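A short reminder: the numbers here are calculations on the coordinates, not readings from a lab. Quick caveat, the model's predicted, so the values are computed rather than measured. Virtual Cβ from ideal backbone geometry, glycine too; neighbours counted across all protein chains shown.
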Amino acid sequence: MTPLNTIEESRAMILGRIKWLMILRLVLATFSLGTAALIQITKSMSYVDPYLMSLYVIIGMVYALNLFYSFIFNKVKSLVTFTYTQFFMDILLITGLVNATGGVRSVFSLFYYLSIMGASIILYRRGGIIVASASSIFYGLIIDLEYYGIFQPLYGPPQGELYGIPTLLFRMAMNITAFYLMAILSSFLSEQARKSQAALTVKEIDYRTLEALHRNIVGSINSGLLTIDEGRKVTFINRAAEEITGLSLAEVYGVRIDEIIPGMEKVEQDSRGLNYSEQRQRFEMSFTRPDGRLVHLGFSRSILKNSEGTRQGEIYIFQDVTRLKEMEEHVKLVDRLAAIGKLATGMAHEIRNPLASLSGSIQVLRDGVRLDSDNQRLLEIILRETNRLDRLLSDFILFAHPDDRSKELIELNRLIEDTIQLFSYNPHYRNVSVAHDLQGSIMVEADAHQIKQVFWNLFINAAQSMDNRGELMVSTHKVYRNSLSEEVKSRLAPSFHELWSQIVVTDTGCGIAKEFLDKIFDPFFTTRDRGIGLGLAIVYRIIESYRGIILVRSRVNKGTTFTIYLPLTSSTIQAL
């Protein structure tokens, strides 16, 4: 089978070899032309000498054929036929050249070997044997024609110097044997080269496949991957690492990892003097992205080795654990709220009964005994403080058991409007400007008193942050889960519908410092001189009891925004 029919070699490769064959043919023709010209000059032969004329004709035919080959080079369909045609034409030209330059004595018979070698390289063993056979036939033919005097060489031997039959047979046998040996040996070498090339191609394909697989695996994993050399300079980061850190490979390549992630310097200092097995292989640290966003990264460290097992640096695999940290904080907050809720329940039941008795007794005493103005004022103070304690206990109970009240279908926007009206009529907050954008009809299943308590607490909190003067904006609208950010979607209850209500309460107050944002929903946490810090904790507990979420975003001296998501009822969804 020829190489043109095998899958190891492409058409382009065969055409490339044919090009080299044509170039070699031109080189030999040019060499022959130079030789003829040299003979003519050194021997002062005439331009019309038959010997030289025959050489010039053969060389001219070589140039003409090569020119013809170059025209049809890219148009031929069968490379086998095209290649065999060239070799057969070469044999005819070589035969003519040999006959013109002395027949059996011609040194140009060496060109047969070159033709056979070329056929073995391009057409392999079969082609080499065929061209060797054709060379043997034509070479034997010109010897026979010369011996029998049918066709004498133009540049033949002197009269009477013809070889005898034994000598001619010996020379012919030696040349023909050499033709076939050349074909066998050169085709053997070319076959070995072809097999080696095929094996190398397979290995190269396997290597490229493995390299592509490695590149795709490294590029497709969700975890960030970062490698450093022994000088702690970054040598590679994958696509996930670029997305997590907001930095590209071009920006970090060759930069010390300590300059990219400052916390790494402390990890390195802590690891000095320790064996690798004693060092921290898993750790977490905060990282500020170029866009200013703070993320928490969880790292896993291992040694980077080459194929010989020699250490070349370290590999860091890391994930963005910001959401996990937020969930951990949320779980801690829920645990704290549950613990305090139990405490609040016990305190409420233990204190409320004697407090009710105390309040009733004071009222009876106030109504049944005539007191002077000072004592009367003291009784009023006692009653007022008793009522305040009762309200405080009510807040405790509401915080501890927000699910105790019955739920009903309520129109959220109307309830918010009522709360805004009550807030606006309150003389303490008359300098607070309230604007609202309440869109459509939003039906939720909840306790109206609890929902009013939520917004009342938020409004009071906003007014206090603005020193009872400023602007308060309330807006509501319906949103689809898919339109929300991943942070919000991950916290919404998955068992509910795709449609949710979004309530946004924004003020222009003093804002909340960054270090306090994680604590504002903790019970008894407050940054003001007055208050016990239960307002926002109650808001959080009520919203959570309805399978909703509340988010806060704040900038110091710019204001605070609370965003609440509550699930819509099926009747609201059907009405859309």
In terms of Cα to Cα distance under 28 Å, which lysines are near enough to Lys19, apart from those fewer than 8 places away along the same chain?
Lys75, Lys77, Lys195, Lys203
Could you tell me, in Å, what Rg and Dmax come out for the Cα atoms of the stretch 408-575?
15.6, 48
By average C-beta atoms within 10 angstrom, highest first, the peptides 554-567, 434-447, 166-179
554-567, 434-447, 166-179
Would you work out the charge dipole size for the stretch 221-320 about its Cα centre, treating the Cβ of every Lys and Arg as +1 and the Cβ of every Asp and Glu as -1, and quote it to the nearest 20 debye?
140
Using only Cα positions of the stretch 221-320, each an equal point scatterer, no hydration layer, compute I(q)/I(0) via Debye at q = 0.13, 0.17, 0.18 Å⁻¹ and quote the log10 values to two decimals.
-0.43, -0.75, -0.85
Can you return the lysines within cross-link range of Lys332? Criterion is Cα-Cα under 16 Å, with same-chain partners fewer than 8 residues away left out.
Lys342, Lys519
Placing +1 on each Lys and Arg Cβ and -1 on each Asp and Glu Cβ in the stretch 221-320, then taking the dipole about the Cα centre, the residue among Gln312, Pro290, Ile228 whose Cα reaches farthest towards the positive end is Gln312
Protection proxy ranking, peptides 243-254, 283-294, average beta carbon neighbours within 10 Å, highest first
243-254, 283-294
Fewest Cβ neighbours within 10 Å first, please rank Ser78, Ser109 accordingly.
Ser78, Ser109
Please give the charge dipole size of the stretch 408-575, origin at the Cα centre, charges +1 on K and R Cβ atoms and -1 on D and E Cβ atoms. Round to the nearest 20 debye.
320
Please report Ser307, Ser136 as a ranked list, fewest other C-beta atoms within 10 angstrom at the top and most at the bottom.
Ser307, Ser136
C-alpha center-to-center spacing [the stretch 521-564, the stretch 71-117] in angstrom:
96
Under 16 Å from the Cα of Lys452 - lysines, other chains or at least 8 residues apart
Lys407
Putting +1 on Lys and Arg Cβ atoms and -1 on Asp and Glu Cβ atoms, find which of Val432, His449, Leu415 reaches farthest to the positive end of the dipole of the stretch 408-575.
Val432
With a 10 Å Cβ neighbour count serving as the proxy for reagent exposure, in which order, fewest first, do Phe87, Phe82 appear?
Phe82, Phe87
Less than 12 Å Cβ to Cβ from Arg555, Lys/Arg counted +1 and Asp/Glu -1: what total charge do the surrounding residues give?
+2
